[in-house]
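The block underneath contains the structure these notes are about, expressed in C-alpha cells.
The values are calculated or read from the model by the stated rules, or taken from the named source; none is laboratory data. Everything numeric in this text was worked out from a predicted model, so none of it was measured. Cβ placement follows ideal geometry from the backbone for every residue including glycine, while neighbour counts extend to all protein chains displayed.
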Amino acid sequence: MAFASLAVSGLRLSLSAGLVALALGVSPAALLAGEADPAAILRIGSLYEPQNLDNTAGAGQGINEAFNDNVYEALYRLADDGAVEPVLAAGHEVSADGLTHTFTLKDGVKFHSGDPLTAKDVKYSIERVIAEGSKSSRKKSLAPIAKIETPDDRTVVITLTSKSISLPYNLSYVWVVNDAAGDITGKEDGTGPYALTGWKRGSTLSLKAFDGYWGTKPENAGAVFSYFTEAAALNNALLTDAVDIITSVQSPDALSQFSDTSAFTIAEGKSTTKQLLAWNDRVAPFNNLKVRKALARAIDDKKLLEAIWGERGTLIGSFVPPTDPWYVDLTGVDAYDPASAKALLAEAGYPNGFSFTLDTPNYDPHPITAEFVKAELAKIGVTVNINIITANEWYEKIYQKHDFQATLQEHVNHRDIVFYGNPDFYWGYDNPKVTGLIAEAETSDTEAGQTERLTEANRIIAEDAASDWFFLYPQLVVSKAGVSGYPVNGLNAQFFLRDIRKEG
Amino acid sequence: MTRYLMRRTLVLVLSLIAAGLVLFVLLRLLPGDPAAALLSVGADDAQIAAVRAELGSDQPIAVQLGHFLADLARFDFGRSFVSNAPVAPEILSRLTVTLPLTLAAFALALAFAAPLGILAALRADRWTGAALSALSQLGLAVPVFWIGLMLVWIVAVRARLLPASGFPTEGWSDPIAAARALALPVLTVALVMGASLLRYIRSATLDVLGADYLRHARALGASFPEALIRHGLRNGAAPVISIIGIELASTLLGAVVVERVFALPGLGSMLVLAIAQRDYPSVQGVLMVTTLLVLLIGFAADVVQRLIDPRLRAEERGAS
C-alpha cells in the first residue's frame, strides 16, 4: 500500500529514502504526512443506509449521500453552497417563449459499463423520474415536461407545457442512467467519478474511483460507507479509527468526545433540515390567524434550540434556509413575546386558552420538543396533549389523511417553500396570494424575477404564521485530523467525495 | 422413539403453520402503511395508490394470505417491499452473522457456567459459592446493551484490542477479521446468558446433592466424584437441558439488541428495520425462520431429554 501510494503521488521521495524509512521501521507514507494520499480509500461512517440503490424507488436520503455526484451525475449539480452548476450539460438554450429548452451534452462521457453517454440516455433518465411507477418526490416538479426529443446524440430538446425557471435545478435531481441498465435497485450504471464495487446490506457500501472518468480525477481512490443504527456505535467507530469521517452527528453531547483538535476536526455547516410545528390550518382553532400568531409568540425558539443543540444550529423564522436564494431573516416576525401572545389569544376569542393534540414522531428531537412546547404553551393557558406516533403512522395519519390538529416534523429538502403553494399539502395552508406567487415564480423569465416572488411568498407565510418554524439543524461532520475537502453543508444529504483528501 | 419422533415432527410443522398465520394477521393489524417507507413528503395520491397496487398491499387480506401461503409452500419469502431484493438470500446472508454469534456465545456461556455452577453448589455454604451466586445475580440484573457498551468502551475504545463494531464486508472469507468482529458481541451475550445458566446449573446441582440416590450410591461404595458424575450428572442434566433450549432460543431472538450496539448485519437488525418500514415480506421471512429455529431447538431439547431420561421414554410406552 505504502509503495503504491508513493508511485501515484509522483515519487516525491527517492526509493532509497523509502528503504531507509523501511529500515527504521517507519512506513514511507508516514514521511508524506501533510500531503494528500491519492491512493487513500476513505472510510465513512453514516446513519443513513440506502434502502435500495434507485433514487426513484424509495431508497431514502442515504442514496443521495452515497451516490449523488459520486456514482451518478446529472445535467446539473446542486453545489454545497446552493449554487446550480452544469455537470453533463455543456450548453443550455431557451427559446423566446421559454417553452423549448435545448441541452447540449459533454463529449467523451462514458458510463461505468463502458457505454458512451448519448442523448437517449438522458431522455430515458428523465422519463424514469416522471414515469407512472416512479416514487420520486421530485416527480411533480418535472410535470411541465410535455416531450423530450433527441435530434442527435449530443442534443436533448425538452418541450414544456408552461415555463419552468427551475428546470436546470430540477434536473440536478435526475440521475443520468444508462438506458440499457434496466432495474437499478441493486446495481448501478452511472457516469460519476466512482463505480460501485460492493454493497452488503446492513453493513457497508464500497466505491472505487472509475478509471474511465471524463473529468478531473478524484483526490482519493475510493470510499467505503459503513452504516450504523446507533449513534453511539457510529461515534465509537471514529474514536477507534474504524472510520475517517462521520457524516452527521445527531447530538451535541457526542461532540465533546471529539474536542481534541489535534486528533479530530469538527465542521459545522448549514443544513436544509428545518424543524417545525405544523398546525392543521384547515381546522379550528388553527384556521384563525391570531391563534397561530399567538402560539408562535408563546414559544421561545432560542431556548429550544439551545436545549437541543447547545451553541449550534440556526434560528430561521420561516421555512427557507440561508442556502435558498430567497432567504431573508424573518426571525423578527412573531418573535418570542408571551405577553402579546396572551393578548392575541384573548382577541381571537380564547381568553382562557384551549387544548389540542400534538402528534409527535417517536424519534429525536421530537419528543423532547413536544415537552418543551407543552411547557411553553401552558404559560398562556393552552393545554397540549402529546400523542407519540411512529414515522410510518405519521405518514398515513397526517400526510395522507390530514387527520390531525398539530404535529412536529422535520423537512429536509432544499427549496421546498413550494409546499406552501399547494393547498392540499398536509398542513392545509391556503393563501391564494402565496399559491399565485409560487406558481408565477416558476414561470418567471429570470432568476431575479423568481427570487423576488419567492422572497415575497416567504415573507407572507411568515406573517401568516402558516406553521411555527423552530430552527435549522446544524450540519455537523467530524473527521480525523488530516482529512479535508468534504462538503460542510451537505444539502439534500449529499456528500461529495471527489475533493476529499486524506493525508498519508 | 420412532413414533415419538414422528408425532413430534407433526407438532413442529403444525406449530410453524399456526405461527405463520398468527404472524400474518398481527402484522396487518398494526397501524401504518408499507407505502410510506418508499415514498416521502412530496408524493401525491396517485403515487401512493400506485405503490400500494405494486406491493399488493391494497388487496383484501384473504387474497394476500393466499399469496403468502402459496409462496411459503415453495419456501419463497417473496421480495422486500423496500429494497426489491428477494428476502430468502438476504436472510441466509444475515444468518452467517446471527447463527455464529448465538452458537459461539452459547458454547462460551456453557463452558464457564457449567463448572462454575457446579462449584457454586458444592461450595454453597462458603464464600466462593456466595460470591459466584451474587455475581450471577448481577449478570441477570444488568441489561445486555449496557454490558455491550461497557465492553466496547474498555476493550475497543480504550485498549484498542478489538474492533468496536461492524462486520467485514467480505464476511467469513476473511475468518480472522470476522471472528475479531464477533468477539465482543459473543462475550457480551455469553456473560448475560452464562449468568442465568449458572444459576440454573447451581440449583439443579443442589437438588442432586440432596437426593437420596446419591447417598445410596455413596453407601454402595462409589466415591463422591464418581457418584456425582455417573448418577448426579444424568439426573441433574434433564431439567437443565430444557432451560438451555429456552436460553438458546431467547438469545437468538435477543440478538436484536446486541446487533444494534455492535452494528452487525444480522437477522435482528434486519427485523427491527423491516418492522419500522412495514416491510411485510421481510418481517414474515425473518420471523418464520427464527420461529423455525426456535421450534427446532425445542425439538432437539425434547429429544435429548428423552434420550438421557428413561422415565420419559417409559411414559411413552405406557401411553401407547
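Please enumerate the residues belonging to region A:69-127 that are part of a strand (DSSP E or B), farther than 20 Å from A:PHE496 by Cα and of a type in the set (A, V, I, L, M). Within region A:69-127, A:ALA90, A:VAL94, A:LEU105 meet the criteria. Among the residues of region B:169-189, those that are outside any helix (DSSP H, G or I) and within 12 Å of another protein chain (Cβ to nearest Cβ) comprise B:THR169, B:GLU170.
To keep it simple, each residue is scored yes or no on (1) at pLDDT below 85; (2) not assigned by TED's automatic domain parsing to the domain that holds B:TRP146.
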site	(1), (2)
B:ARG230	yes, no
B:VAL240	yes, no
B:ILE275	no, yes
B:GLY285	no, yes
B:PHE299	no, yes
B:ASP302	no, yes
B:ARG311	yes, yes
B:ALA314	yes, yes
B:GLY318	yes, yes
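The set of residues from region B:1-16 being without any contact (Cβ under 8 Å) to a residue 60 or more places away in the chain and surrounded by 13 or more Cβ atoms within 10 Å (Cβ to Cβ) comprises just one member, B:VAL11. Count of region A:160-175 residues, restricted to those that are within 24 Å of A:PRO116 (Cα to Cα), part of a loop (DSSP other than H, G, I, E, B) and either among the polar types (S, T, N, Q) or in contact with a Leu (Cβ under 6 Å, 6 or more places away or on another chain) (or both), is 1. When every residue of region A:192-201 is checked against the conditions, at least one turns out to be within 14 Å of chain B (Cβ to nearest Cβ), closer than 28 Å to A:TYR124 by Cα and in contact with a Lys or Arg (Cβ under 6 Å, 6 or more places away or on another chain).
When restricted to residues that are within 12 Å of another protein chain (Cβ to nearest Cβ) and either part of a loop (DSSP other than H, G, I, E, B) or surrounded by fewer than 24 Cβ atoms within 10 Å (Cβ to Cβ) (or both), region A:32-47 contains 4. Looking at region B:258-271, is at least one residue part of a helix (DSSP H, G or I) and surrounded by fewer than 19 Cβ atoms within 10 Å (Cβ to Cβ)? Within region B:258-271, none of the residues are part of a helix (DSSP H, G or I) and surrounded by fewer than 19 Cβ atoms within 10 Å (Cβ to Cβ).
Checked against the criterion of being without any contact (Cβ under 8 Å) to a residue 24 or more places away in the chain, in a helix (DSSP H, G or I) and not hydrophobic (A, V, I, L, M, F, W, C), region A:146-159 contains not a single residue that satisfies it. Of the candidates B:ALA88, B:ALA113, the single residue that is in contact with a Gly (Cβ under 7 Å, 6 or more places away or on another chain), among the aliphatic types (A, V, I, L, M) and more than 30 Å from B:SER203 (Cβ to Cβ) is B:ALA88. Answer yes or no as to whether A:ASP121 is buried (at least 22 other Cβ atoms within 10 Å of the Cβ) and within 14 Å of chain B (Cβ to nearest Cβ). So A:ASP121 fails the test. Taking the stated definitions as given, is B:LEU151 facing chain A (nearest Cβ under 10 Å), touching a helix residue (DSSP H, G or I) at 6+ places or on another chain (Cβ under 8 Å), aliphatic (A, V, I, L, M) and surrounded by 14 or more Cβ atoms within 10 Å (Cβ to Cβ)? The answer is no for B:LEU151. Report yes if A:TYR173 is under 30 Å from A:ASP211 (Cα atoms), away from every other protein chain (no Cβ under 14 Å) and of a type outside the set (Val, Ile, Thr), otherwise no. No.
Of all the residues in region B:22-74, those that are facing chain A (nearest Cβ under 9 Å) and surrounded by 12 or more Cβ atoms within 10 Å (Cβ to Cβ) number 19. Of the candidates B:ALA120, B:ALA107, the single residue that is buried (at least 20 other Cβ atoms within 10 Å of the Cβ) and either within 18 Å of the chain's Cα centre (by Cα) or modelled with pLDDT of 90 or more (or both) is B:ALA120. Scanning region A:60-82 for residues that are surrounded by fewer than 24 Cβ atoms within 10 Å (Cβ to Cβ) and of a type in the set (Asp, Glu) turns up A:ASP80, A:ASP81. Looking at region A:48-83 only, could you name the residues that are among the polar types (S, T, N, Q), in contact with a helix residue (DSSP H, G or I) (Cβ under 9 Å, 6 or more places away or on another chain) and more than 14 Å from every other protein chain (Cβ to nearest Cβ)? A:ASN68 - this is the single residue of region A:48-83 that is among the polar types (S, T, N, Q), in contact with a helix residue (DSSP H, G or I) (Cβ under 9 Å, 6 or more places away or on another chain) and more than 14 Å from every other protein chain (Cβ to nearest Cβ).
Residues in region A:380-395 that are touching a Pro at 6+ places or on another chain (Cβ under 7 Å) and either acidic (Asp, Glu) or away from chain B (no Cβ under 11 Å) (or both): A:ILE380, A:ILE388, A:GLU393. Across region A:126-170, the number of residues qualifying as within 14 Å of another protein chain (Cβ to nearest Cβ), touching a strand residue (DSSP E or B) at 6+ places or on another chain (Cβ under 9 Å) and of a type in the set (Lys, Arg) comes to 0. Exactly one residue out of B:ILE201, B:ILE229, B:ILE176, B:ILE243 is within 24 Å of B:ALA130 (Cα to Cα) and surrounded by fewer than 16 Cβ atoms within 10 Å (Cβ to Cβ): that is B:ILE229.
Determine whether region B:278-291 contains at least one residue that is surrounded by fewer than 19 Cβ atoms within 10 Å (Cβ to Cβ), within 30 Å of B:THR188 (Cα to Cα) and not small (Gly, Ala, Ser). No: zero hits.
Only residues in region B:86-109 that are under 17 Å from B:SER165 (Cβ atoms) and assigned by TED's automatic domain parsing to the domain that holds B:THR188 count as the first member; pair them with residues that are part of a helix (DSSP H, G or I) and among the polar types (S, T, N, Q), Cβ under 7 angstrom, at least 6 apart or cross-chain, and list the lot. Close Cβ pairs (under 7 Å, with a partner that is part of a helix (DSSP H, G or I) and among the polar types (S, T, N, Q)) amount to B:ALA105/B:THR251. When region A:325-352 is filtered for residues that are out of contact with any Ser or Thr (no Cβ under 7 Å at 6 or more places or on another chain), under 20 Å from A:ASP464 (Cα atoms) and not in a helix (DSSP H, G or I), the ones remaining, listed by number, are A:TYR327, A:ASP329, A:THR331, A:GLY332, A:VAL333, A:ASP334, A:ALA335, A:TYR336, A:ASP337, A:ALA348, A:GLY349, A:TYR350.
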